[in-house]
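I have placed the structure first, in the form of C-alpha cells, so that the comments after it can refer back to it.
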Amino acid sequence: MHEPHQHITRPVYDTQLFGARRLYYRYPDKTLALSDINIDIAEGERIALVGQNGSGKTTLVKQLCGLLSPSSGEVFYKEKPLEGEHLEKSRLKIGMLFQDPDDQLFGHTLLEDTAFGPRNQGLSRQDADHAALDALKRVSLIDKAYKAPHNLSFGQKKRAALAGLLAMQPDVLFLDEPTANLDPRQEQVFLDLLKDYSGTLICISHDLIFLYELCNRAVVLDKGRIHHDYTMSELVSQKQSLRMHGLDFSFRLVINDSIPEKTNTTLKSSSLEIINNNQLVAFRDYQYRYPDGTLALSNIDFTICENEKISIVGENGAGKTTLLSCLLGLLEGNGDFYFAGTLVKPRQRKALWQQIGMVFQDCADQLFCPSVKEEIEFGLVELGCSRTESEKRIKEVLALVHMEGYEERVPLHLSGGERKRLALACVLAMNPKLLILDEPTAGLDPQGEELLLSILSNLDATLLLVSHDIFFIRELTKRTIVMHKGRIIEDMPIKAFLEDERLGSLNGLSYSYRDKSSSTIRRLQHEHEHRHIHKHLHIQPQIHADTAHFDLYEHTHDHSHHFTHSHPGEEKEHDHAPHRYHDHNHPEHDGENNS
Amino acid sequence: MLDITNIKLPLWQLPVFVLIPLAVFALAVFFLKRFAYKRSIPTEERDWSVPPIADAIYDSVINRWDVRCKIVTILAFSFAIASLKHLTPALFAIGISSLVLLISRTSFTKALLRLLAIAGFISMFLIVMPFSVPVHSNDTVIIFGKMNWLVFNLRGLLLAATIAAKAVAITLLMEPLLSTAPLPVTLHGLSKLGVPEMAGQMVLLSYRYLHVFRHEARRMSSGMQVRGFRKHTNIQTLRAVANFLGMLLVRSFERTERVFDAMRARGYKGRFPEPAELHLKTSDLLITALWLAAGSALIIFDRIICQG
C-alpha cells in the first residue's frame, strides 16, 4: 500500500466548521472502525468522502453528526467539543441525508415530516409549516404535501428526505449515497438541488463522476484511516491511487468503439420475423393491470432470442419491474406469453423459475440463509439436485464469481459487492436459460463494479439487463428496449439507442453532465510531465552591447524540458512528437546574450 | 321438565335453513366486496397540496369536535352497545351509528369495507349459535326429520343476531372515530387523556413502517419464489420460513436503529412535536353529553323496557 498523505491544495476558507483530533472509534464488538482521524472542515467546503465499502465513511459521518461518540479523541463543531448541550444545539444545524429515504421519512404526511426538524428547532407550528412548505417547494413536491411517504416513488422520497433537512436551514449537509438507485432525470434534479445549496457539503458516494461535478475536496478513507486529503481533480487524475483504494472507475471512461453498427432504427417487426427459430421469450399484445385498476403494462410486444443480450431502459415507474414480474411468473397479465415456444398457462407459469433466474436490485431481498453454501443450495434443493451435484455446482459458481472459500460465511455479513456476486451465484447455480439482472451496479463500489462487469462479460447466457447505467448497458448488451409509461416505445440496436438523444430526454436517460465530467476526467488522467529531447521554436529578447531590444528572434534548437500535455486513450502508447512546436516559458534563455 | 316448543320439519328443509342463507350471505359479501373495492379506487389523483380532512366535504360537526371528547364518547358509547342484551336496542344502536356516520360525512365505502371485514366472524355466529346454545325452558327449537341431536334453537339465532347487530353498530363508529382527524391528532388526544405518549409514538411509527415492512416481506417472498420455493408440509419449508422470518426481523431491527438515528439527527429528544393545539369548547361538551345520554337511554331501554 502506498504511503498516506494529506496534500491539500484547496482554496483557503476563513471559518473552521468541523475538526477531529486523534479520533478513534471501536464498534461494540471491539472492531476498530476509525483510527487516528485528524481532519479540519471549513465553512462552505464541498467534500467527497470516498473509500471502499467498509472503509469507515458512514461511521466518520456519524461521528461528525454526533450520532456516535468517539472511543477516544475529540470532534469539534464551531470550535467547541461536540458533546452535551452543544451537541443538542448543533444537531439542529447539521443535516444528514440517509441512503434509504424510508429511514428518514417517519412522518404521517410529507408536510408533517418536513416540519419535524423546524418544530424541534423551536419554531411555532405555523412557522414550521411555512418552512416545510417552502422546502417542499424547492424540491418540487409542494403538490404532494399531504401525501403519505409510503405512497411516493423512490425519487420523490429522496427529495422529500432532502426537503426535511432543507427546512431546517442547516449549516452543513451530510449525504450518504444521495443518488443511489435514482434514474438519470432524478439524479440531475438532485444534483441541481445540491448545487443550489450554499452551505458546507460532505458527500459519501461511490459515484466519482457525480462527486467530481459536486465537490472540490476529496478525503479518501481506507480501513478507518484518512489516506488522502486533496482536491477532487487530484483524486480523479491519480489512477494508481484510485486503484489502490478500489475506487478506480477509469474503466467507465474508456470509449468503446466496438459497439455493433447501426443496422436499422427499429427492430420491432424485423426481429420478430428473424428469430422465430430460436426465440426464448415472446410477448404478444400483453397487458397488466394492478389490482386497483391502474394499467401498468399495455401493448407489450417483444421477443428475446437464445443467447441474446438485451437491456430494458426507462424512467422510474415506466413498468420495467412489473414486466419482469410477469416474465418471472410472479404476476399474470392478459395476452400471450411464450417461453421456449410454449404458451405460458398457469401451470407453466409456476414452473418458470426453473428456466429464468433473476438477480434483484437489492440483493438482500433474495439472501436469507445462514451460510453462503446453504444460500446457493436453496435453489438446487428445490430443483431436486442430488447432494453430489449440488456440491459440484456450488464449487463451480463460487469460482465463477471469485468467492472460493466463502462457503461457511454468513451472507448478512458480506460486503455489498460480495452479496451481489453471491446473489448472482445463487441464480447461476440453477443454470437458467434466461438471466435477468435488475440494476446490478446499485450500491457497488467501483472495484465491485469492475469485477461484476468482468464476470458478466464472460457469461454465455441469454441476458436481460434492466438498468439506468448506460455504461453497463453499452458494455453488456446489443439491443435495447425502451419503456415509457408502461409501453415499449422503441426496440433498437444499442448503437442506435445511444445515438438517439430524443430518447434520452424522453426517458430521463440523458447524462449530459456525466459525459462532460467524464471527458474532463479523462483529460486530467492524461495530463502529466515529460522530459525529453525535442526540437522547438522559441522567441526571445535580443541584447547587443548596451542596447537591449525586443526584436523577437525566432530559432529552433534541441533541449530537454518539462511540459504538460494531454492526449486521449487508455494506457495506450502515444507519440510525444519531438519535432512539435510548443508555447512555453524558457527562463534559462532569458540571460543569454545573442549578438 | 322443560317447557320447549318443538317444530318438526322434514330433513330436506335443513339446507333451506342453513346452506341457502349461508350461500346467499357469502354471495352478498363477495359482490359487496367487489363493489366496495371498486368504489374505493380513486378515479383521479386527488389534490395532495391540501389536507384531505380540511376539504369542505369533510367539514362536519364530528370533524370539529374536540378529539378528546370524541374518543371518550365513542369508546363509552361502544361499551354501552357491547353491554346490550336485546336485539331491538342493538338495532337502535345501528340506527344511531348510521346517523353518526351520515353526520360525520365519512366514506360509506370505507365503512362498508370494515363491515365486510367482520362478515366472516358474524356469519360464524349466525351459523353455529342456533345449533350450539343449550336448550332452556320456553325455547323454540326446530328439529329436522329424525335428527333429534341437531336442533335449531331460535333463541340461539336471536342471540347471534344481537351479537351481530352490536358488532355492526360498533364497527360503523370506527370511521367517525378514526377518519375525522389525522392519526397523529387522534393519538395526541389519547396522550392528553393519559395514555403514555410513548405508546402513541409507537402506534404512529408502526403505522408508517408497516407499509415498508410489508413491501420488504413481499420482495423477499418473491426472491424465494423465483428460486422455486413453494410451501409444503415438511421440515424444509419450516426451515425456509424460519430463515425468512429471522431475516425480516434482523432487517426490521436494523431499520429501527437507522430510523432512530435519523430522528435524533433532526433534533428528536424523546417527544414528537404536538400535531395540534386542543381547545375544549362548550359545544364539545354539549355534544358529548347528548351522545352519552343517548347511550344511557339505550341501556335503560335494554334493561328496563325490553326486560320487562
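The values are calculated or read from the model by the stated rules, or taken from the named source; none is laboratory data. The structure displayed is predicted, hence computed values, not measured ones. Here Cβ is always computed from backbone atoms with ideal geometry, including for glycine, and neighbour counts include all displayed protein chains.
Structure above, values below:
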item	result
Condition met for B:Phe244 (at the interface with chain A (Cβ under 8 Å from one of its Cβ atoms), in contact with an Asp or Glu (Cβ under 8 Å, 6 or more places away or on another chain), aromatic (Phe, Trp, Tyr) and surrounded by 14 or more Cβ atoms within 10 Å (Cβ to Cβ))	no
Selection within the range A:279-316 - surrounded by fewer than 18 Cβ atoms within 10 Å (Cβ to Cβ) and of a type in the set (Gly, Ala, Ser)	A:Gly293
Residue in the range A:77-85 that is within 31 Å of the chain's Cα centre (by Cα), aromatic (Phe, Trp, Tyr) and over 24 Å from B:Arg255 (Cβ atoms) present	yes
Residues that are of a type in the set (D, E, K, R) and more than 28 Å from B:Lys38 (Cβ to Cβ), drawn from the range A:286-319	A:Asp301, A:Glu306, A:Glu308, A:Lys309, A:Glu315
Condition met for B:Ile41 (farther than 27 Å from B:His279 by Cβ and modelled with pLDDT under 95)	yes
Residue within the range B:218-232 that is touching a helix residue (DSSP H, G or I) at 6+ places or on another chain (Cβ under 9 Å), away from every other protein chain (no Cβ under 14 Å), in a helix (DSSP H, G or I) and without any contact (Cβ under 8 Å) to a residue 24 or more places away in the chain present	no
Helices (runs of 4 or more DSSP H) (entirely within the range B:116-204) containing at least 2 residues that are hydroxyl-bearing (Ser, Thr, Tyr) and not assigned by TED's automatic domain parsing to the domain that holds B:Val29	B:183-192
Out of A:Leu367, A:Leu414, sole residue that is within 22 Å of A:Glu450 (Cα to Cα) and either modelled with pLDDT of 90 or more or surrounded by fewer than 23 Cβ atoms within 10 Å (Cβ to Cβ) (or both)	A:Leu414
Pick from the range A:318-328, criterion of a type in the set (A, V, I, L, M) and in a helix (DSSP H, G or I), ranking: nearest to the other protein chains (Cβ to nearest Cβ)	A:Leu328
Residue in the range B:203-217 that is surrounded by 14 or more Cβ atoms within 10 Å (Cβ to Cβ), over 22 Å from A:Asp362 (Cα atoms) and more than 9 Å from chain A (Cβ to nearest Cβ) present	yes
Flag if A:Leu444 is farther than 28 Å from A:Leu498 by Cβ and modelled with pLDDT under 90	no
Residue list for the range A:162-186, restricted to those being out of contact with any Asp or Glu (no Cβ under 7 Å at 6 or more places or on another chain) and among the β-branched types (Val, Ile, Thr)	A:Val172
Options B:Leu172, B:Leu177, B:Leu193; residue that is in contact with a helix residue (DSSP H, G or I) (Cβ under 8 Å, 6 or more places away or on another chain), away from chain A (no Cβ under 14 Å), touching a residue at least 40 places away in the same chain (Cβ under 8 Å) and loosely packed, with under 14 Cβ neighbours inside 10 Å	B:Leu193
Single residue of the range A:1-51 satisfying the filter (assigned to a loop (DSSP other than H, G, I, E, B) and in contact with a Leu (Cβ under 7 Å, 6 or more places away or on another chain)) that is modelled with the lowest pLDDT	A:Gly51
Unique match (being crowded, with 20+ Cβ neighbours inside 10 Å and closer than 27 Å to A:Ile94 by Cα) among B:Gly200, B:Gly267	B:Gly267
Qualifying positions in the range A:127-147 - within 8 Å of chain B (Cβ to nearest Cβ) and under 32 Å from the mean Cα position of the chain (by Cα)	A:Ile142, A:Asp143, A:Lys144, A:Ala145, A:Tyr146, A:Lys147
Lone unmet requirement of (1) within 14 Å of another protein chain (Cβ to nearest Cβ); (2) in contact with a strand residue (DSSP E or B) (Cβ under 7 Å, 6 or more places away or on another chain) for B:Leu154	(1)
Search result, residues across the range A:98-126 that are at the interface with another protein chain (Cβ under 7 Å from one of its Cβ atoms) and among the small types (Gly, Ala, Ser)	A:Gly117
Among residues of the range B:252-274, those that are in contact (Cβ under 8 Å) with a residue 12 or more places away in the chain and within 7 Å of chain A (Cβ to nearest Cβ), counted	2
Among (1) touching a Phe, Trp or Tyr at 6+ places or on another chain (Cβ under 9 Å); (2) under 26 Å from A:Asp192 (Cβ atoms) - the single one A:Leu82 does not satisfy	(2)
Scan of the range A:72-97 for residues that are within 8 Å of chain B (Cβ to nearest Cβ) and either hydroxyl-bearing (Ser, Thr, Tyr) or more than 22 Å from A:Glu187 (Cα to Cα) (or both), ordered by number	A:Glu88, A:Arg91, A:Leu92, A:Ile94
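Listed here are the residues, each with its yes/no results for (1) more than 26 Å from A:Glu475 (Cβ to Cβ); (2) within 12 Å of another protein chain (Cβ to nearest Cβ).
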site	(1), (2)
A:Gln287	yes, no
A:Ser311	no, no
A:Asn316	no, no
A:Leu330	yes, yes
A:Phe337	yes, no
A:Pro346	yes, no
A:Trp353	yes, yes
A:Val359	no, yes
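Quick grid of which residues meet (1) away from every other protein chain (no Cβ under 12 Å); (2) over 19 Å from A:Asn316 (Cα atoms); (3) small (Gly, Ala, Ser):
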position: A:Ser153; (1), (2), (3): yes, no, yes
position: A:Gln156; (1), (2), (3): no, no, no
position: A:Ala167; (1), (2), (3): no, yes, yes
position: A:Asn181; (1), (2), (3): yes, no, no
